[in-house]
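Right, one structure below, let's go through it.
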Amino acid sequence: MGLSRPLPGEYDERYGHYLASPPEGSVLALLEAQAKDVRALYGSLSEGQGAHRYAPGKWSLKDLLQHLTDCECIFTYRCLRIARGDQTPLPGFDENAYAASAQAESHAISALLGDFQATRNASLALFRSVPEGAWTRQGTSNGRLLSARCLPYFALGHAAHHLAVIRERYLPGLK
């Protein structure tokens, strides 16, 4: 079973948007390829472009990169806890409060990108170390049931969602 796609019943349907249509293939290989995509996209931006917001009140491109890193840390931590059999309910978090506290605007894109890559590498290392039988262990996060094997897919789907938003709403405003 391992890192095969999670089955209905292993996650609350409200999380389904992260699992809706992941590409076929190894989730670990997809996470590695996605990290390259993030590097290529953000590596081509100037600092001024990193501050771009597609509308007033929306996060900047730097804020979004910090958000991807923060969420990846949280998804990976949840995976660790659940895979290790910890049944303590895990809380949710306020992404807007995190974004405000992070002050991504004060950091260089290269630093934010380095943080993202280091976090993704740590995630991949953890995912590779999870024993086969631990992937189907279940826990509770944000009041919702999920299995450990959902979390790599959540990391992939969450980042894919935001990369699509960046391409759709942010990049056209930079041209």
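Data table
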{"quantity": "Of residues in the stretch 5-51 being of a type in the set (Ser, Thr, Tyr) and over 18 Å from the mean Cα position of the chain (by Cα), the one farthest from Arg120 (Cα to Cα)", "calculated": "Ser46"}
{"quantity": "Every residue from the stretch 148-172 that is more than 13 Å from Leu19 (Cα to Cα) and not hydrophobic (A, V, I, L, M, F, W, C)", "calculated": "His162, Arg167, Glu168, Arg169, Tyr170, Pro172"}
{"quantity": "Qualifying helices (runs of 4 or more DSSP H) (wholly inside the stretch 84-175; at least 1 residues being among the β-branched types (Val, Ile, Thr) and surrounded by 12 or more Cβ atoms within 10 Å (Cβ to Cβ))", "calculated": "109-129, 150-165"}
{"quantity": "Matching residues, the stretch 12-68, being free of Cβ contacts under 8 Å to residues at least 24 places away in the same chain and closer than 23 Å to Trp135 by Cβ", "calculated": "Glu13, Gly16, Ser21, Pro23, Glu24, Gly25, Ser26, Ala29, Ala33"}
{"quantity": "Among residues of the stretch 19-54, those that are exposed (fewer than 14 other Cβ atoms within 10 Å of the Cβ), assigned to a loop (DSSP other than H, G, I, E, B) and not acidic (Asp, Glu), counted", "calculated": "7"}
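Every number here is computed from the coordinates shown, using simple stated rules; none is lab data. Source: prediction; values computed, not measured. Please note: Cβ atoms are built from the backbone with ideal geometry, for glycine as well, and neighbour counts cover all protein chains shown.
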